[in-house]
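All remarks here apply to the structure that follows.
The values are calculated or read from the model by the stated rules, or taken from the named source; none is laboratory data. Values in this document were obtained by computation on a predicted structure and should not be read as measured data. Virtual Cβ from ideal backbone geometry, glycine too; neighbours counted across all protein chains shown.
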Amino acid sequence: MKCPYCGYEESKVIDSRPAEDKKRRRRECLKCKKRFTTYEVVEKPLRIVIKRDGSLEPYNRNKLLSGIYHAIKKRPVTVAQVNAIADEVEDKYTSNWNSQMTSDQIGAVVLGHLKCLDKIAYIRFASVYQDFKDVASFVATITALNDENEKHRGQ
């Protein structure tokens, strides 16, 4: 680590501690003996979302959260559950160091969680995510969800 005072290339670590998703290191220059602080962070790959039309855009957690919040409006879903869904999306792609994900893949993860949490929120999110072209496809999705519900009740 280069000393900010004299430019010498070597220093020693005096103290190291965690600080807000970073590692704070107190260092001392081996030449001029002055102390300085550095922060170490894990470099994550830039996540890119491949849209349906083939265009690319940077992943935006706030955009994902906004879509989920629209779906759960006035529904019994907590903020913690919404954050867990967003964390799952991010973890799924970051853990593999996969920097690209399609909007369809993101939507599928969200739908999977919403289906378990709240059926109405699931339908609301699906209506935007699946981009229904007609009433029949919308009704078919609701019917399939209802049939699945009845099947689970019968067991």
Turns out the strands (runs of 3 or more DSSP E) fully within region 1-60 with at least 2 residues that are of a type in the set (V, I, T) and touching a strand residue (DSSP E or B) at 6+ places or on another chain (Cβ under 7 Å) are 11-18, 35-40, 48-50
Is region 77-89 home to any residue that is modelled with pLDDT under 90, in a helix (DSSP H, G or I) and of a type in the set (A, V, I, L, M)?
-> yes
